[in-house]
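S.K.: Take a look at this one; I'll ask things after.
The values are calculated or read from the model by the stated rules, or taken from the named source; none is laboratory data. The model shown is predicted, which means the values in this text are computed figures rather than measured ones. Backbone-built Cβ (ideal geometry, glycine too); neighbour counts: all protein chains shown. All accessible areas refer to the heavy atoms of the entire protein, side chains included, with ligands and DNA or RNA removed. Shrake-Rupley method; radii C 1.70, N 1.55, O 1.52, S 1.80 Å.
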Amino acid sequence: MTDKSMTPDEVVGQLHSGMTIGIGGWGSRRKPMALVRALLRSGITDLTVISYGGPDVGLLAAAGRIRRLVAPFATLDSIPLEPHFRAARERAAFTLTEYDEAMFMWGLHAAANRLPFLPVRAGLGSDVMRVNPELRTVTSPYDDGEELVAVPALRMDAALVHLNRADCLGNAQYLGPDPYFDDLFCEAADAAYVSCEQLVETAELAKAGPPQSLLVSRHSVTGVVETPNGAHFTSCVPDYDRDEAFQKLYAATPWDEFSARFLSGAGEHDYQLAVRTWHEEQQ
């Protein structure tokens, strides 16, 4: 079987400007931040980003890399509204397609199953239909004749997700409380890249958690990257919690200042070193 191990920069080398990229996780939880930071170090731009938005969206929006965002929200969880996302929206830096959370999920399901859309009740009677005039409804062909929203498939050129453990074949496992739909992101994309806290032998995955924790299967994975602390500053339970102090710094610091101190290095090691240095300064 094929060893799919890659580095963050090798993953980004497979991407290009104008792509539609899905980013897994949820808000400020288990985001593939090391891959997002690698993306920021590249010149890739003009992206359509599909995400249950968190600081992944904030970073890319602040850097001017997003052309269109498809999301139900953009939050840091403990900070309700992602501040760099908000600032970018206020200056009309990108187009926003905002769906209800359930509509977004069914859009992922449609894409994962290679369907053009799925009919759902979510969105009916709400402003979702008003702010997204391109949405269409369909009528059930059965006796009920119910009108439903036809949620379009959220197809992606590439997906980026972060899991707790993975093997070099691309099987990946979450050990926290929630899968965050990362499997759907991988299956909805033409190519999927999994970063993980630790690469282990395949047999170790079965020992680490119950069968249902084996979320992502190798058939839907193009590459896998070992990135310890790679979800920082979002949480990756049980490996680590959210770095709330650093998140507050991120939220309160002007983008140029934050970027110059923490994101101007040559690679992920430089970022992690800058974060450790900052924490030492707070003691």
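S.K.: Find all pairs meeting these conditions: Cβ atoms under 9 angstrom apart; at least six residues apart or on different chains; first residue within the stretch 204-219 and without any contact (Cβ under 8 Å) to a residue 60 or more places away in the chain and of a type in the set (A, V, I, L, M, F, W, C); second residue open to solvent by 60 Å² or more (accessible area, probe 1.4 Å) and part of a loop (DSSP other than H, G, I, E, B).
M.R.: Leu205/Leu214; Ala206/Leu214
S.K.: How many residues does the stretch 259-279 contain that are touching a residue at least 12 places away in the same chain (Cβ under 8 Å), of a type in the set (D, E, K, R) and under 17 Å from Leu35 (Cβ atoms)?
M.R.: Matching residues across the stretch 259-279 total 1.
S.K.: Still on this structure, I have one more. For the stretch 147-155, indicate whether the set of residues that are of a type in the set (Val, Ile, Thr), open to solvent by 60 Å² or more (accessible area, probe 1.4 Å) and not in a loop (DSSP other than H, G, I, E, B) is non-empty. Steps first, please.
M.R.: At the first step, the residues of the stretch 147-155 found to be of a type in the set (Val, Ile, Thr) are 149, 151.
Now drop any that are not open to solvent by 60 Å² or more (accessible area, probe 1.4 Å), which leaves none.
Looking for residues that are of a type in the set (Val, Ile, Thr), open to solvent by 60 Å² or more (accessible area, probe 1.4 Å) and not in a loop (DSSP other than H, G, I, E, B), one finds none in the stretch 147-155, hence no.
S.K.: Output the residues belonging to the stretch 1-36 that are open to solvent by 40 Å² or more (accessible area, probe 1.4 Å), closer than 23 Å to Leu108 by Cα and of a type in the set (Gly, Ala, Ser).
M.R.: Ser17
S.K.: Suppose the filter is without any contact (Cβ under 8 Å) to a residue 60 or more places away in the chain and either part of a strand (DSSP E or B) or surrounded by 20 or more Cβ atoms within 10 Å (Cβ to Cβ) (or both); does Val49 pass it?
M.R.: Details: without any contact (Cβ under 8 Å) to a residue 60 or more places away in the chain: yes; either part of a strand (DSSP E or B) or surrounded by 20 or more Cβ atoms within 10 Å (Cβ to Cβ) (or both): yes.
It is true that Val49 is without any contact (Cβ under 8 Å) to a residue 60 or more places away in the chain and either part of a strand (DSSP E or B) or surrounded by 20 or more Cβ atoms within 10 Å (Cβ to Cβ) (or both).
S.K.: Sort through Leu76, Leu108 and tell me the only one that's open to solvent by less than 10 Å² (accessible area, probe 1.4 Å) and in a loop (DSSP other than H, G, I, E, B).
M.R.: Numbers: Leu108 fails: in a loop (DSSP other than H, G, I, E, B).
Among Leu76, Leu108, only Leu76 is open to solvent by less than 10 Å² (accessible area, probe 1.4 Å) and in a loop (DSSP other than H, G, I, E, B).
S.K.: I need the full set of residues from the stretch 66-78 which are over 15 Å from the mean Cα position of the chain (by Cα) and over 10 Å from Gly27 (Cβ atoms), in order please.
M.R.: Arg67, the sole residue that qualifies.
S.K.: Criterion first (within 14 Å of the chain's Cα centre (by Cα), in contact (Cβ under 8 Å) with a residue 24 or more places away in the chain and more than 18 Å from Leu108 (Cβ to Cβ)) does Ser195 satisfy it?
M.R.: For Ser195, the condition - within 14 Å of the chain's Cα centre (by Cα), in contact (Cβ under 8 Å) with a residue 24 or more places away in the chain and more than 18 Å from Leu108 (Cβ to Cβ) - is met.
S.K.: Considering only the stretch 212-232, I want to know if a residue exists there that is at pLDDT below 95 and more than 17 Å from the chain's Cα centre (by Cα).
M.R.: yes
S.K.: Please pick out the residue among Ala92, Ala102 that is of a type in the set (Gly, Ala, Ser), surrounded by fewer than 22 Cβ atoms within 10 Å (Cβ to Cβ), part of a helix (DSSP H, G or I) and without any contact (Cβ under 8 Å) to a residue 24 or more places away in the chain. Break it down stepwise before answering.
M.R.: Working: Ala92 fails: part of a helix (DSSP H, G or I).
Exactly one of Ala92, Ala102 is of a type in the set (Gly, Ala, Ser), surrounded by fewer than 22 Cβ atoms within 10 Å (Cβ to Cβ), part of a helix (DSSP H, G or I) and without any contact (Cβ under 8 Å) to a residue 24 or more places away in the chain, namely Ala102.
S.K.: Between Arg165, Arg130, which is outside any helix (DSSP H, G or I), of a type in the set (Lys, Arg) and either at pLDDT 95 or above or open to solvent by 60 Å² or more (accessible area, probe 1.4 Å) (or both)? Quick ask: steps written out before the conclusion?
M.R.: Values: Arg130 fails: outside any helix (DSSP H, G or I).
Unique residue meeting the criteria: Arg165.
S.K.: Here is a further query. Only one of these conditions is not met by Gln283: (1) of a type outside the set (D, E, K, R); (2) at pLDDT 95 or above; (3) part of a loop (DSSP other than H, G, I, E, B); (4) open to solvent by 20 Å² or more (accessible area, probe 1.4 Å). Which number is it?
M.R.: In the conditions (1) of a type outside the set (D, E, K, R); (2) at pLDDT 95 or above; (3) part of a loop (DSSP other than H, G, I, E, B); (4) open to solvent by 20 Å² or more (accessible area, probe 1.4 Å), Gln283 misses (2) alone.
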